[in-house]
Amino acid sequence: MFGCQTSETGLFVTQLADGIMGMSAHDATLPKQMYNKGKLEHNLFTLCFRRELSVSKQGVSAGVMTLGGIDTRLDSSPMVYAKNVASTGWYTVFVKNIFVRSNGGQSARADDELEQVVMKIPVDISSMNGGKGVIVDSGTTDTYLHKDLAKSFGEVWYEVTKRSYSNTGIKLSRDELLRLPTVLIQLRVRELVLMFFSDLVQGLFQK
């Protein structure tokens, strides 16, 4: 489904992103429409995100979207697949654990295991994954945790940073920004027959 935007309000005025491309397991999404029309060989898309420390209305390199396949040249570590627990609609994952790692880092992989301490946040699995579940939404610029985690998350955050967690804006130097804790979310994985993906990758680069 395509629409023409004629006005902007709210965050679309102030944030860098000024539009949304919603991605879900629905026939109306761009990848599925292209696949149904024979423009893509596989009903598949991948999003590779990167983090920029500065933003500009002229745009920044925020990642890569690949339609119809995967591009392993963008991987910094072996791919791990999360299980989609919903058959249609939003991509829904099952959260097993949440951790806060001290002293920053640009990846799930620790930069310095001697200086970076990982602390587990107590999680009620039933509450965390209840209701409509935990969704991966490509049109959302924030990560929202379940309200039941607020107290325990705040306690761990304070222990790691010596600052109370808040949504109020603060000024940080580049070094302070890089030292902010990393929130690690452990998801239920999908057990795949990886031969298909291996053949797919080889086929993409042989063409």
*asked:* Cβ-Cβ under 8 Å, sequence separation 6+ or interchain: first residue in the stretch 145-172 and farther than 27 Å from Lys132 by Cα and at pLDDT 90 or above, partner of a type in the set (Phe, Trp, Tyr) and part of a helix (DSSP H, G or I). Which pairs?
replied: Ser164/Trp157; Ser164/Tyr158
_Any residue at all in the stretch 63-81 that's of a type in the set (Phe, Trp, Tyr), within 19 Å of Arg190 (Cα to Cα) and either modelled with pLDDT of 85 or more or not in a loop (DSSP other than H, G, I, E, B) (or both)?_
no
*Identify the single condition in (1) open to solvent by 60 Å² or more (accessible area, probe 1.4 Å); (2) modelled with pLDDT under 80; (3) over 30 Å from Arg163 (Cβ atoms) that Gly19 does not satisfy, given that it satisfies every other one.*
(1)
*asked:* Six or more apart or on different chains, Cβ atoms under 8 Å: show the pairs whose first residue is in the stretch 105-131 and farther than 18 Å from Ser76 by Cα and at pLDDT 75 or above and whose second is loosely packed, with under 14 Cβ neighbours inside 10 Å and of a type outside the set (S, T, N, Q).
replied: Met119/Glu159
*Select from the stretch 69-86 the residues that are of a type in the set (S, T, N, Q) and surrounded by 11 or more Cβ atoms within 10 Å (Cβ to Cβ) and list them in ascending order.*
Thr72, Asn84
*Scan (1) in a loop (DSSP other than H, G, I, E, B); (2) modelled with pLDDT under 85; (3) closer than 27 Å to Ser107 by Cβ for the single condition Gly3 breaks and write down its number.*
(3)
*Of the conditions (1) open to solvent by 60 Å² or more (accessible area, probe 1.4 Å); (2) at pLDDT 90 or above, Leu40 fails just one. Which one is it?*
(1)
*Scan the stretch 159-174 for residues that are farther than 29 Å from Trp90 by Cβ and not in a helix (DSSP H, G or I) and jot them down.*
Lys162, Arg163, Ser164, Thr168, Gly169, Ile170, Lys171, Leu172, Ser173
*Could you list all residues from the stretch 87-111 that are loosely packed, with under 11 Cβ neighbours inside 10 Å and more than 20 Å from Arg50 (Cα to Cα)?*
Ser87, Thr88
*asked:* open to solvent by less than 100 Å² (accessible area, probe 1.4 Å), in a loop (DSSP other than H, G, I, E, B) and modelled with pLDDT under 85: which single residue out of Leu192, Leu200, Leu204 fits that description?
replied: Leu192
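The values are calculated or read from the model by the stated rules, or taken from the named source; none is laboratory data. Bear in mind the structure is a predicted one, so any value in this text is a computation, not a measurement. FYI the Cβ positions are ideal-geometry reconstructions off the backbone, even for glycines, and counts take in every protein chain you see. To get the accessible areas, we keep the full protein, side chains included, count just its heavy atoms, and leave off ligands, DNA and RNA. Shrake-Rupley method; radii C 1.70, N 1.55, O 1.52, S 1.80 Å.
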